[in-house]
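Q: Let me begin by handing over the structure; questions about it come next.
The values are calculated or read from the model by the stated rules, or taken from the named source; none is laboratory data. None of the values given here were measured: they were computed from a predicted structure. Ideal geometry is used to build each Cβ from the backbone, glycine not excepted, and the neighbour counts take in all protein chains shown. Heads up: the accessible areas ignore ligands, DNA and RNA and are worked out on the full protein's heavy atoms, side chains in. Shrake-Rupley method; radii C 1.70, N 1.55, O 1.52, S 1.80 Å.
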Amino acid sequence: MTRAPLPHRRAFSLAWPAIVGNVTVPLVGLVDTAMLGHFSTATHIGAVALGSTVLSALMWLVGFLRTGTTSLVGRARGAGRDDAALTHAQRAALLAVALGAGALVLQWIAIPALMSVLAPAGDVRELAIQYAWIRMTSVPAALLTLVVSGWFVGSGDTRRPLAIVATVNVVNLGLDVAFVGGLGWNSAGAAWATVIAEWLGLALALVLWWRAASSPLRAGARRWRGRGLRSGWRRLMAMNTDLVIRTAILYSVLTFVTAYGARLGPEILAANAILMQLMLLASYGQDGYAHAAEAMVAREIGARDVSAFHRAVAASALPAVGIGAAFSLLYLVASGPFVSVLTSLPEVTAAVDDYIGWVVWLPLVSAGAYLFDGVFLGSGRTRAMAWTMAASVIVVFVPVLLAGLAWIPDGRNHDLWRAFLLFNAARGVFLGIAYWRITRRRAWLHAAEA
């Protein structure tokens, strides 16, 4: 019997819009850093790094609004149940509104408390609090946009999410240059640029959804009562709980990297902020094929076609590794120009040069983690994502960091980046083991049946 070909074209058609859209996200952060690096001081760079850490933590923790919606919508539409897919999305939208309102209420207490942990008292902390408070006004818009984007990806459409994220980031970039470089508003200007862009992004997302929706879907969107929205929350919350745990652990590691750098001085904090921007640039690019895998495997699990599921994974695997290798090669040969674009402060540039080697290898080492994230999200295997993330921290990150600090106490930032590199490698290894075990038990459809 002839084997069915791998869906390389389908994977590429889903991946390239996601790659382009994802890469524009950290580009805004790079522009923030570049504007402040050339028109401000290390204090403002550090403030934006800390403020962005808190806002990014929130957005990462509620990232299940996108990923959970993609998984549930993709499996429902794969099974031919469009009405159920819309109900999943409406529940997610209600949850987004509730979380956005809660964030606006709690910010006045939570942000100062978090900043007191992340940074010592002083100008950096105060500016970071101001930056975070401004950015919080865009959170409701960002959360609802996540739900709409999740619908599109679950429906096998990554081009409309590209249009949304590209619009948000182009507007953000232009306002960044105007507010920071032109008006000299420093970190506050960077924050207001993001707020305006996020609300415009939500408006565009809703327009695109309405224009793409069929007549039955539009009718269902108008009708909220009588759609069974009171039931089905248990399944949604179980998946979201796993994703929150997994994301909280991951972001705790990322926050620790930033906070640890803050304790080593403003130059190390600024240098680590630049290194993290380079890491995020690569990670968003690598997430493209993870999105492709997520959309394809959700459809195939919904259609109960395990063979097509494995072909979708295989079609995404090699390009995912290739993109990671390409970013590593790019950073290996061109890290100097990247850094010179981001800052002209000599003390920060010198610090970046000391630690750039760790970031060079991160994209290649992390390729497996990004790919399997998409596979496990799309298939609804979120519990495995949570425990493998915990294992990566407990078994690898913490022991490696402590061992480095014990044996080479003068290289504390090197120890930090070494542990972070091996942590990302462990994520891919542990998820790969979980993939093999589920395949061996022939249990991939069990999550869809739950």
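Q: Answer yes or no: is there a residue in the range 145-162 that is surrounded by fewer than 17 Cβ atoms within 10 Å (Cβ to Cβ), in a helix (DSSP H, G or I) and in contact (Cβ under 8 Å) with a residue 40 or more places away in the chain.
A: For the range 145-162, residues surrounded by fewer than 17 Cβ atoms within 10 Å (Cβ to Cβ), in a helix (DSSP H, G or I) and in contact (Cβ under 8 Å) with a residue 40 or more places away in the chain: present.
Q: Restricting attention to the range 124-138, does a residue exist that is modelled with pLDDT of 90 or more and not acidic (Asp, Glu)?
A: No: the range 124-138 contains no residue that is modelled with pLDDT of 90 or more and not acidic (Asp, Glu).
Q: Something else: So if I check each of Val180, Val168, Val207, which one is of a type in the set (Val, Ile, Thr), surrounded by 15 or more Cβ atoms within 10 Å (Cβ to Cβ) and closer than 20 Å to Pro140 by Cα?
A: Exactly one residue qualifies, and that residue is Val168.
Q: Every residue in the range 326-355 that is open to solvent by less than 40 Å² (accessible area, probe 1.4 Å), modelled with pLDDT of 80 or more and within 22 Å of the chain's Cα centre (by Cα), please.
A: Of everything in the range 326-355, those that are open to solvent by less than 40 Å² (accessible area, probe 1.4 Å), modelled with pLDDT of 80 or more and within 22 Å of the chain's Cα centre (by Cα) turn out to be Phe327, Ser328, Tyr331.
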